Amino acid sequence: MSTPHTPDDRAHATSEVQLPTDQDLVLKVIPMPADCNANGDIFGGWVMAQVDLAGAVLPARHVRGRYATVAVNQFVFKQPVRVGDILSFFARVDRIGNTSITVAVEVYAERFSEQGRYIKVTEASLTYVAINDQGRPRPIAR
């Protein structure tokens, strides 16, 4: 049998966090009603697409040419995203290989009704690969 959550439990689950200072703010976006599922929460796939866009910002600085998403290594939805949330996407390069770059992305929501307070809603790890004009992997110049 499940025990009901107390107001303190709910507050702890969505407790305010500080935004990262060791990562780059790469994207800010506000989800709209067309991005909702039947429960009124934002589609996970919509969030995933935004994370892929955000994650692609930093590799562009290193690859200097074409690249593509090759893997989503990890994706964790920590809290639901709601219509009107102001989402901030922070990214950092975790690894640069011969042809690929792995990027960590963290997403924080500033709830529409609680401006200035942030909660982490998603975290992910994605790998991008540098490609040539034929779509084949190519080395990343260092």
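Filtered by the rule that a residue be of a type in the set (Gly, Ala, Ser) and closer than 19 Å to Arg64 by Cβ, the range 84-142 gives Ala91, Gly97, Ser100, Ala130, Gly135, Ala141.
If the condition is being part of a loop (DSSP other than H, G, I, E, B), surrounded by fewer than 17 Cβ atoms within 10 Å (Cβ to Cβ) and touching an Asp or Glu at 6+ places or on another chain (Cβ under 8 Å), then the range 81-100 contributes only Val83. The condition of being modelled with pLDDT of 95 or more, closer than 27 Å to Gln18 by Cα, part of a strand (DSSP E or B) and out of contact with any Pro (no Cβ under 8 Å at 6 or more places or on another chain) holds for Val72.
Filtering the range 103-124 to residues that are out of contact with any Lys or Arg (no Cβ under 8 Å at 6 or more places or on another chain), part of a strand (DSSP E or B) and closer than 16 Å to Gln18 by Cβ leaves only Tyr118. When we screen Val51, Val103 for residues that are in contact with a helix residue (DSSP H, G or I) (Cβ under 6 Å, 6 or more places away or on another chain), crowded, with 19+ Cβ neighbours inside 10 Å, β-branched (Val, Ile, Thr) and closer than 21 Å to Asp24 by Cβ, the only hit is Val103.
Contact map, the range 38-51: first residue in contact (Cβ under 8 Å) with a residue 60 or more places away in the chain, second residue in a helix (DSSP H, G or I) and surrounded by fewer than 17 Cβ atoms within 10 Å (Cβ to Cβ), Cβ cut-off under 9 Å, separation 6 or more or different chains; the map is empty.
The values are calculated or read from the model by the stated rules, or taken from the named source; none is laboratory data. Everything quoted here is computed from the prediction, not taken from an experiment. No Cβ is skipped: glycine too gets one built from the backbone with ideal geometry, and neighbour counts run over all protein chains shown.
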